[in-house]
Amino acid sequence: MSRTLIHEPSRRQILRFGVAASVAGMASALIGCPRKSESSPSSSSGGSSTGEEKEKTSPKTTRRADVLVIGAGVSGLVAAQKLVKKGRSVIVVEGRDRVGGRVHTDRSWPGVTVDLGASWIHGQIGNPISEIVSAKKIVTKATNWEARVVFDRDGHPLTNAQIDDLEKRYKDFLAHVEHLRKESDRDATLKSALDDYLADEKPSADVRRWFTHWVNTEIEQDYAADLDDLSRDSWDDDKQMEGDDMLFPGGYGQIIDALAEGLDVRLGETVRRISHGDDGVTVDTTSGAFTGKYAVVTLPLGVLKEGDVEFSPALPERKKQAIDALGVGLLDKVYLRFPSAFWPKDKQVFKYAGEHVGEFAEWLDMRGVASADVLLAFNAAKVADELEGRTDAEIEEKAMRALHAMFGESIPDPSAKLVTRWRKDPFARGSYSHIPPGADSKDHDALAAPIANRLYFAGEATRRDYSATVHGAYLSGVAAAESIG
Ligand SMILES: Cc1cc2nc3c(=O)[nH]c(=O)nc-3n(C[C@H](O)[C@H](O)[C@H](O)COP(=O)(O)OP(=O)(O)OC[C@H]3O[C@@H](n4cnc5c(N)ncnc54)[C@H](O)[C@@H]3O)c2cc1C
């Protein structure tokens, strides 16, 4: 979540979208396209093509293209734009009835826009998503992570001195992790490093509880994984963009609209099998086959892990190892809309060190973003997995318990709620990738490696530098398109 601020700077349908635009250079040439919020299940002629296997039949009906791009998330859309720009004919094959994948702007509440998937441009400086923002004049709003209140379980706010102490301890803990890395040549869990640190420090019971909560919001929520699912040695191998974390008052979907413009995207085509050979690539979906010379596979790591899509011939051993070794964590959101705001106007972030570490532990004031009195809560990792098994009403009850602890019993009940379940989503099977014990960045590389100059791979989990982010997905799409030549 707060990826740019929590660590030391060193680490880490077929559808018509109007006139075709191209992604020139990076994102900056995505200009002048009309905004479109939701896709419709109609057909599109797609981008123009002068490719070597240029299709002669009507693009509205053909199921053959130079390149088949599997998945209409950020990585697939960018790859497709790049390839169209290079003169290739491209069909994007997407299982959902919408584009965007793990970027999903919801407008079901009249007049209110909320993002159910990605929220932020993490670090706006040098970020390719910022280029689209500039080119399209999209409004963004920085999150001030320092404008926060940290509540103890009984609702008392921690003092500034107590928060300063936690921040100092957090830096000490990260230094302790570095020390353990140098001491040992065998990887371990990040949880074992925390246990070790706490055993050395022997903090009071209160400080121990607050600190465990602090580490949850700083690491487990950000990486969407429990400390015992994170590699002590490699969890933070990724890099970070500089600058602020930026939210989209009009929704992240504006970026998707820009990226999807002019592309031939076939929605509702769930891929079941990908075969390749000397003659090219065949992609079998629930409604038939597509053929191409090449394919760019952007299936989420969670989908690859589940084995929902068969590869023929089977994937190389090293790629299978990488799929097994890397983890897919869970970050879920709960949006609550209230008849009126009861929380302080001058704060943006509310942290809650409740009895159950990580449960409704981090909240964001969305008033300046969603244009309504809306709070957003995050749950991650095992806590989120456990909550996905509960009903919306049960989840709301837990959320309200936390809010009552922080703001008192007299606060109003929410008038509406939105709850995500990214693990249960068959087209995602989790939120984003992380590095568990025993894995490292080389597994991201192995996931990215092309096969037989026919299958190319993209998606956030293929990036060793910016995995788990929108800009990582973007850069992976660029790289895959460049590899095809
Ligand atoms: C709750 C949440 C919050 C996040 N917050 C942030 C954030 O604030 N900032 C940030 O930078 N990143 C954030 N991320 C991560 C970011 O959303 C992802 O890294 C990025 O969107 C992934 O893009 P992708 O193209 O790799 O994959 P996807 O967007 O998942 O695209 C893959 C596509 O493949 C499709 N597909 C899957 N299976 C099949 C099949 N069998 N047949 C056909 N199509 C299929 C999917 O429907 C999807 O459209 C968040 C993610 C989540 C879930």
Study note, to complete from the structure: Once the in-chain neighbours fewer than 8 apart are removed, the lysines whose Cα is under 16 Å from K398 read K333, K351, K382, K417
Review point. Convex hull volume of the Cα atoms in the stretch 334-485, per residue, in Å³?
Key: 154 Å³
Exercise for review: Can you put K85, K347 in order of Cβ neighbours within 10 angstrom, beginning with the fewest?
Suggested key: K347, K85
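Please report, in debye to the nearest 20, how large the charge dipole of the stretch 258-390 is about its Cα centre when each Lys and Arg carries +1 at its beta carbon and each Asp and Glu carries -1 there. It would help to have the intermediate numbers written out before the result.
Values: 16 positive and 21 negative charges, 54 e Å.
With Lys and Arg at +1 and Asp and Glu at -1, about 260 debye.
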Review point. What do you get when you divide the Cα radius of gyration of the stretch 70-170 by 2.2 N^0.38 Å, with N the number of residues?
Key: 1.58
Point to revise | Percent of beta bridges antiparallel (DSSP, the chain, rounded to nearest 5) | key: 65 percent
Check your understanding: What is the distance, in nm, between label points placed 7 Å from the Cα along the Cα-to-Cβ direction at N160 and at D195?
Key -> 3.8 nm
Revision key, fill the gap. tail above 19 Å in the computed P(r) of the stretch 161-229, as % of all Cα-Cα pairs, reads 30 percent
Review point. What share of all Cα pairs of the chain, in percent, falls into each consecutive 10 Å distance bin?
Key: 4, 20, 30, 25, 14, 6, 1, 0
Review point. About the Cα centre of the stretch 161-229, what is the dipole size in debye to 20, counting +1 per Lys and Arg Cβ and -1 per Asp and Glu Cβ, all else neutral?
Key: 180 debye
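Rule-based calculations on the coordinates, nothing more; no lab input. Keep in mind the model is a prediction, meaning the values are calculated, not measured. Cβ atoms come from the backbone with ideal geometry, glycine included; neighbour counts cover every protein chain shown.
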